[in-house]
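Reviewing the structure listed below.
Values in this text are rule-based calculations from the coordinates and carry no lab data. None of these values were measured; they are calculated from a predicted model. Methodologically, a virtual Cβ is constructed for each residue, glycine included, from the backbone with ideal geometry; neighbour enumeration extends over all protein chains shown.
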Amino acid sequence: MEGIRKQIGRRALLKASGFAAASGALGSLWALAAGGSANARKRARWIRIVDRPTLGETTADYKRFSGNDIFTIYRQLKDQRDGAGSFEAEQASKAKRLATWIKEKKPGYSLPDRQLSEGAFTVMHSAKPGVGLLAWTRTSVRAPEEMATPRYTASPEEMANTVKAAARLYGAGLVGIAPMNEAYVSLLVPHREQPRKDSSGKDTSQKTQHPMVQRQEGGHPSCEHGKDQPPAVQPPQDRDIVFEDTDVPSVTDTKFVIPRKMKWVVAIAIPMDLDLLSRAPTALGDTAAALGYSHSAFVVASLAVFIRGLGYEAIPCVNDTAQSIPFAVDAGIGELSRLNKLVTPEFGAGVRLCKVFTDMPMAYDKPVDFGLVEFCKTCKKCAEACPSRALSFDDEPSFKTRGPWNNPGHKAWFEDSYKCYQYWQKTGTGCGICLASCPYTKGDQAWIHEAVKATASIAPATDGVFRAMDDAFGYGKQRDLEQWWTKDRSGRRG
Amino acid sequence: MTNATDVFTITIRRRPWWFWALAGVWLLLEVVIFQTAFASARESEYRAATICWIAAAVVAGGGVFGWLRRGQAGRPDKWSKQL
């Protein structure tokens, strides 16, 4: 008996412990290892694919948005709340403050800081809905029929993978395919041509298109194709967006027409530069958003040309034309968060979203659940970090909106965009503190972050601990502003 | 000086299985902490990197100290089994 016990005690225990250790290691590897290739980017297995999004359920009140975003209505609201002329006074004060900061070489607001942001915005400034890079019609690419070739056809899965591979090549961080939902499409494209003045008060608004865009409108410079194209469409002036039973999208003086046959939306997330984003709210921090927008414009423009070249129609959009977030949620790129913005498992909130509408039949992706909504209920770090107190501290998301900038009829943590944008006027730039402070907005080099996200996705009880650790380790704080210009750039972007 | 008649006893002790499991966990912990420290420094997360360097040093020191202490000659070791 003693002998048997000894044998079992030693060998069996050794075997059992070895088996347990191996199982644990394999289990961890399984959690961390890549899953399917549905998004043309292998995703971790802890990102669960679900039938319905965890947050964002809609009611019958959910309708197409009027386009009353804060950028369009801030001036009116400001004058209503603080008296007539208060908007102009605020703008004058902002301009004076910025000029002083430039002269004083205030870190994050010096002339190089400011112009870095302007340079990063260059492509986006040339991308207006329906024209130039974001043209809705075929401009610089030959259709297959012009080359006596049938258009590209394959299984829906193959078509989706082809488009995703192209999007990733052009610079997309995450790509997903969502079904077209007309409720997400705005009612109009607002005209938002803001006059830009230099220090002497001279209007320096960009009246002409960027040379690169003009060349594209007239066809590719190296070929004759495009010569017979109609002249460039003028920038929009509050034009309606309508769905019609037509074959091709069109832009007229009064409306933007989306063909009803465009039932597929390629939703794209462009990762922002975390090193710049961590220097928000300054001109340096703003550069991360500027660069994200310009990358977005480039990616959707390139992808639209690619899709048209395969023989289908494509409408490239950045922030315009439709709400990007619900399409990104439906396409499984991420989940709606306390920020009332998208948070992705891979890049956190540090992404810019854009999309391409198309009639190219592709397999749809499904929403994902990685435990974000539960994490947001506990964390609240973004709401605490927001200097303007614009984000919700509510424990649970609700249907209660906070102003005309919110589209009613869906469940969310709604934000006070007025307070947010008012803070932008104080900083003289965009903000982005909330994006940078989100615990999911991290670099991808440390293995431990992946393990933490995997654990949070399956064990919400650990969310509070991870939030506390995020604070203790100093994440989400503004980085040294002057150090950006002198840091070693021989390695990877961080 | 030793005499030819002196008797020496050499005791060979086998470390228990859980010691090696513990050593494995220690090694894994060290690797993860070091990797996080290097990655945090590369990502300019200096506070996180500093904490990880300190943690790595403490864990490494603890491991080395434990190993040396257990391996001391002549020290009775109630956990190890005499073969």
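In this structure, the residue pairs whose Cα-Cα separation is over 26 Å, taken from A:Lys105/A:Lys381; A:Lys377/A:Lys419; A:Lys381/A:Lys453; A:Lys381/A:Lys442; A:Lys42/A:Lys477, are A:Lys105/A:Lys381; A:Lys42/A:Lys477. Compared with the direct C-alpha span, the chain from A:Ala148 to A:Lys477 gains 112.7 nm at full extension, assuming 0.36 nm per residue.
Quick check on packing: order A:343-353, A:92-102, A:451-461 by the mean number of other C-beta atoms within 10 Å, highest mean leading.
Top to bottom by mean Cβ count within 10 Å: A:343-353, A:451-461, A:92-102.
Each distinct pair of alpha carbons in the range A:121-177 adds a 1/r term; the inverse of their mean, the Kirkwood radius, is 13.9 Å.
Extending 7 Å from Cα along the Cβ direction at A:Lys255 and again at A:Ala461 yields two label points whose distance is 5.8 nm. Averaging 1/r across all pairs of distinct Cα atoms in the range B:26-67 and inverting the result yields a Kirkwood radius of 10.2 Å. Peptides B:52-59, A:68-75 ranked from most to least packed by the mean count of surrounding Cβ atoms within 10 Å: A:68-75, B:52-59.
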